[in-house]
Amino acid sequence: MSLLKSSALAGVGLCGLLAFGIAVAEETNKPVAVVNGVAIPQSRLEFVLKMQAQQGQKETPEMRAQVRDVLVTREIIAQEAAKQGLDKSEEYQAQMDLARQQVLVNAYLEDYLKKNDPTEEQLKAEYERVKAEQFDPKAKEFKARHILVKTEKEATAILAQLKKGAKFDEIAKKKSTDTGSNKKGGELEWTDGNNMVKPFAEAMRALAKGQTSEKPVQSQYGFHIIRVDDVRSPQFPAYEEVKDQVAKQYIGKQRDALVEGLRKAATVE
């Protein structure tokens, strides 16, 4: 979590970059500040900046000064809390134990993943596995329109108008109760039907390009008149387009397998 984002202290007493700021960056053993005789090590500042960079925040002289100021403020408050004996409470000790444990867990997993960075061959194999699992080359996607009305009588009357040459999109704009599509002449996004209610999906899939349903299709929303404007075979994304997603998924599986192996090897009573 970002220190600057998570702490309300981030905006307390911000100042410009101190004159020695750039020099400090070159002297890693020199503390960034000393608060009541307690040194704040350079490594602490660099660690916070690293976390900020991982979240996409660009390091600037102003950023370094702001982080330093937050660290100083936190140290001042922490020292005061210690003076009051708050660091001796059971709750404090429990939180420290959990924090220490979490840091170790993160360090272990990060170290493992660095040493087991997936190869290009492994990622391509994972891509092919996912493709075989999720992609059906025989599947179809439909570009459809519909007109939704409350009663079958209304729908039947509209079908009669369409057969006489009335324009589907104009009727949809005037009479369809589907506010998500009526302004677009009843036009829907490309779909394979899996995100549609079953009666609608089944009726749509039975239509060829350019066909309109012969009779009203009833669903829990009312009565639909469906027209299919186009049909296509879906295309699975190319490897390069989804490589980063594949890598995240593969690394996640590695991590899960590692943890499961550790659990199986552990003695838990």
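The values are calculated or read from the model by the stated rules, or taken from the named source; none is laboratory data. If you're wondering where the values come from, they're calculated on a predicted model, not measured in any experiment. In this analysis, Cβ positions are derived from the backbone assuming ideal geometry, glycine residues included, and neighbour counts consider all displayed protein chains.
Quick check on my filter: what residues within the range 189-214 are closer than 14 Å to Ile225 by Cβ and of a type in the set (Ser, Thr, Tyr)?
Passing the criteria: Thr212, Ser213.
Just for the range 120-153: of the residues that are out of contact with any Leu (no Cβ under 9 Å at 6 or more places or on another chain) and among the small types (Gly, Ala, Ser), which one is nearest to Glu240 (Cα to Cα)?
Ala125
List every residue pair whose Cβ atoms lie under 7 Å apart, where the two residues are 6 or more positions apart in sequence or sit on different chains, the first residue falls within the range 145-171 and is assigned by TED's automatic domain parsing to the domain that holds Met196 and surrounded by fewer than 12 Cβ atoms within 10 Å (Cβ to Cβ), and the second residue, located anywhere, is among the polar types (S, T, N, Q) and at pLDDT 95 or above.
Lys150/Thr177
Would you confirm, using the coordinates I've provided, whether Gln101 is outside the structural domain of Val217 (by TED's automatic domain parsing) and at pLDDT 95 or above? Walk me through it before giving the result.
On the way: outside the structural domain of Val217 (by TED's automatic domain parsing): yes; at pLDDT 95 or above: yes.
Considered against the rule, which asks whether it is outside the structural domain of Val217 (by TED's automatic domain parsing) and at pLDDT 95 or above, Gln101 comes out as yes.
I need the helices (runs of 4 or more DSSP H) fully contained in the range 129-207, keeping only those with at least 3 residues that are within 22 Å of Arg232 (Cβ to Cβ) and among the aliphatic types (A, V, I, L, M).
In the range 129-207, the matching helices (runs of 4 or more DSSP H) lie at 198-205.
What do you reckon, is Gly186 under 15 Å from Arg227 (Cβ atoms), out of contact with any Cys (no Cβ under 6 Å at 6 or more places or on another chain) and touching a residue at least 40 places away in the same chain (Cβ under 8 Å)? Give the derivation first.
Values: under 15 Å from Arg227 (Cβ atoms): yes; out of contact with any Cys (no Cβ under 6 Å at 6 or more places or on another chain): yes; touching a residue at least 40 places away in the same chain (Cβ under 8 Å): yes.
For Gly186, the condition - under 15 Å from Arg227 (Cβ atoms), out of contact with any Cys (no Cβ under 6 Å at 6 or more places or on another chain) and touching a residue at least 40 places away in the same chain (Cβ under 8 Å) - is met.
Mind listing whichever residues of the range 211-241 are acidic (Asp, Glu) and either surrounded by 14 or more Cβ atoms within 10 Å (Cβ to Cβ) or within 30 Å of Arg129 (Cβ to Cβ) (or both)?
Kept after step one, since they are acidic (Asp, Glu), are these residues of the range 211-241: 214, 229-230, 240-241.
Those that are acidic (Asp, Glu) and either surrounded by 14 or more Cβ atoms within 10 Å (Cβ to Cβ) or within 30 Å of Arg129 (Cβ to Cβ) (or both): Asp229, Glu240, Glu241.
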